[in-house]
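The block underneath contains the structure these notes are about, expressed in structure tokens.
Rule-based calculations on the coordinates, nothing more; no lab input. Keep in mind it's a predicted model, so treat the numbers as computed, not measured. So basically every Cβ, Gly included, is an ideal-geometry build from the backbone, and we count neighbours across all protein chains shown.
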2 protein chains.
Amino acid sequence: MKNQAEMPRRLGIIAGGGPLPARVAAAARAAGRGVFIIGLEGFADPSVLAPWPHEVRRLGAASRIIAALREHGCQDIVMIGPVRRPSLLDLRPDAEGAKLLARIGRAAFAGDDGLLAAVIRVLTEEGFRVVGAHEIMREAVAPAGVLTKAVPDAQAMTDINRGVQVARLLGSADVGQGCVVQQGLVLAVEAIEGTDAMLARAGALRRDGIGGVLVKLAKPGQDKRADLPTIGPETVRNAAAAGLRGLAFEAKATILAEREACLTAANAAGMFLLGLDPET
Amino acid sequence: MKNQAEMPRRLGIIAGGGPLPARVAAAARAAGRGVFIIGLEGFADPSVLAPWPHEVRRLGAASRIIAALREHGCQDIVMIGPVRRPSLLDLRPDAEGAKLLARIGRAAFAGDDGLLAAVIRVLTEEGFRVVGAHEIMREAVAPAGVLTKAVPDAQAMTDINRGVQVARLLGSADVGQGCVVQQGLVLAVEAIEGTDAMLARAGALRRDGIGGVLVKLAKPGQDKRADLPTIGPETVRNAAAAGLRGLAFEAKATILAEREACLTAANAAGMFLLGLDPET
């Protein structure tokens, strides 16, 4: 705003799996920005990258990734889409990658936040500005309150409160973001298997009677530039298949991908979507 | 010791799944006690109960269970073997069961400890003495220290320490007892699916390189009369199949069922078994 001559800089997108990298690219282009995507080999979906200027690189090829982002004039970087944490062996870092790895430190491999925070720090030291996907896709940030026709009842709120307690503990230990609670009982807890796998398990473990809830929270103190919890129509459909009555997530710290499709899926299944206000 | 005329009283065993009810019965008989088993319908394995005096009853048939234990002269009661927590609907309590349920309270359905502690309280109020399986099968209580030829190295100890941190948090929230950690990363966390299901998942999620560890801990402050963590040869074999290098558990608060078979399986797989001293 101060410097009206300043054009929005080209956005670099480091892309993991799923459809979100293309959504971030579309949101940036809609705002008049150029984009360039680095698709991470083995994670990024080629069909998602295809319509956009992109290169596919190994996660360990750090020097090539950084050089490509510079060649394409990207100063702002978004990291988006799930990346299964590599083992040190899988990583096979290139020369620059090995140096970066030394800066990141092996300790960063202990938890998701540790690694992502370290990657952000290193990219910042390299002169990039790391921005959150939620800053680009503002309309995808989950608002507070009930978004659906269905509203959580007293049993659902009890289950949600139990889920929030458990999810906060898991987050504080940097283990995961989600859990499923039914009738006060924690059916499943998410580590690295991902929400969809946890939902499938919870469906198999559910008991008779009133259905449960999925609670998904950002980790306490989580950097919003790294791996915000994401909920999409597929999450809603999988939750419905698992017999759940609704989803609760943290408002302002959750990406609600394809919001309209999420709401349609939830309303069709009679489920609630509840954005928990972190202030209350 | 004070009253030498006091005979060991007949032991009542309320049996969930798996082979342990028969082991408790055998240990009691070896000590000169009579036994009577209530097999919980849908959980207890008929072939495990067959050699012993027993009745099979629904969990909800509380009045029949209590009457049968009294008829058979049982004053001491052991509860042993996994029971999938019922929903209130599944329970279909009989008249006495409904009264007991009211005394236990719906709140007890929120966590395993809550329910088991309440059941122990109610049985005690009914005049029974609830004893721990570890008091009957003393030789099955896991000792402290490394029990195997293989010994945990520095990476394994790092993984174990991380697993202890996570398992304590889970236990404090009354969620579960175990987790799998590999190279500092929490691969899987146990809720109600059971250790074997968690191990199968962890095997599918493991990364290349140095294998992980299973950590299984009693919940902080857990009543040892209720649902102590149990490790058997099948646990060891499943952990080996999941690529783990060893198991760590709390000494004096873990049932090591079929200890010799556990040690043989672990040594055959080159795995360690480590009893963590809760005092240190």
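What does a probe at A:Met157 reach in segment A:243-280, counting residues whose amide N is under 19 Å from the point 7 Å along Cα→Cβ? The answer is A:245-251, A:271-280.
For the pair segment B:26-67 and segment A:214-247, the centres of their Cα atoms are 44 angstrom apart. Only Cα pairs under 8 Å and 6+ residues apart enter the sum, and on that basis the relative contact order of segment B:144-255 stands at 28 percent. When chain A is treated as a Gaussian network with alpha carbon springs shorter than 10 Å, the biggest mean-square fluctuation among A:Met198, A:Met79, A:Met157 belongs to A:Met157.
Only helical runs count toward this figure. For the protein assembly as shown, summing -39,500 (n - 2.57) over DSSP H runs of n ≥ 4 and dividing by all residues gives -11000 deg cm²/dmol at 222 nm. Each other copy places its own label point for A:Arg168 at 1.9 nm from this one, sorted shortest first, where the point lies 7 Å along the Cα-to-beta carbon line.
Modelled spin labels at B:Arg129 and B:Val56, positioned 7 Å past Cα toward Cβ, are 3.2 nm from each other. When the C-alpha to C-alpha distance is required to be over 23 Å, the pairs from A:Lys149/A:Lys216; A:Lys99/A:Lys219; A:Lys216/A:Lys252 that qualify are A:Lys99/A:Lys219. Look at the stretch A:188-197: the mean tally of other chain Cβ atoms within 10 Å of its residues' Cβ atoms is 6.
Between copies, the label points of B:Ala31, set 7 Å from Cα on the Cα→Cβ line, lie 7.0 nm apart, reported in increasing order to one decimal in nanometres.
Looking at chain B alone, DSSP beta bridges between its own residues are antiparallel in about 30 percent of cases. A:Gly212 sits among other residues whose Cβ lies under 11 Å from its own Cβ, and their net charge, with Lys and Arg +1 and Asp and Glu -1, is +3. Counting from the shortest, the label point at A:Pro220, 7 Å from Cα toward Cβ, is 1.2 nm from the same position in each remaining copy. For chain A, the relative contact order comes to 17 percent (Cα pairs under 8 Å, sequence separation of at least 6). Beta bridges per DSSP, both residues in the protein assembly as shown: antiparallel share near 30 percent. Within the listed set A:Ile136, A:Ile255, A:Ile80, the Gaussian network model of chain A (springs between alpha-carbon atoms below 10 Å) gives the highest mean-square fluctuation for A:Ile136. Here the calculated FRET efficiency for A:Glu71 and A:Ala261, from their Cβ-Cβ distance with R0 = 25 Å, stands at 0.10, rounded to the nearest 0.05. The mean count of C-beta atoms from other chains within 10 Å of the C-beta of residues in A:199-210, rounded to a whole number, is 3. Rounded to whole numbers, the Karplus 3J(HN,Hα) couplings from phi for segment A:174-191 are 6, 9, x, 10, x, 7, 10, 10, 10, 6, x, 9, 7, 6, 7, 10, 8, 10 Hz, using 6.51 cos²θ - 1.76 cosθ + 1.60 with θ = phi - 60°, and x at Gly and Pro.
Give, as a single signed number, the net charge of other residues whose beta carbon lies under 15 Å from the beta carbon of B:Glu139, with Lys and Arg counted +1 and Asp and Glu -1. Show your work: numbers first, answer last.
Values: positive: B:Arg23, B:Arg29, B:Arg138, B:Lys252, B:Arg259; negative: B:Glu135, B:Glu258, B:Glu260.
So the surrounding residues net to +2.
Counting only other chain Cβ atoms within 10 Å of each residue's Cβ, the peptide B:163-173 averages 3.
The HN-Hα couplings worked out from phi for segment A:46-57 by the Karplus form 6.51 cos²θ - 1.76 cosθ + 1.60 (θ = phi - 60°) are x, 6, 6, 7, 3, x, 10, x, 7, 10, 9, 9 Hz, whole numbers, x standing for Gly and Pro. Distance between the modelled labels on B:Ala268 and A:Ala95, one decimal in nanometres: 5.1 nm (7 Å Cα→Cβ projection).
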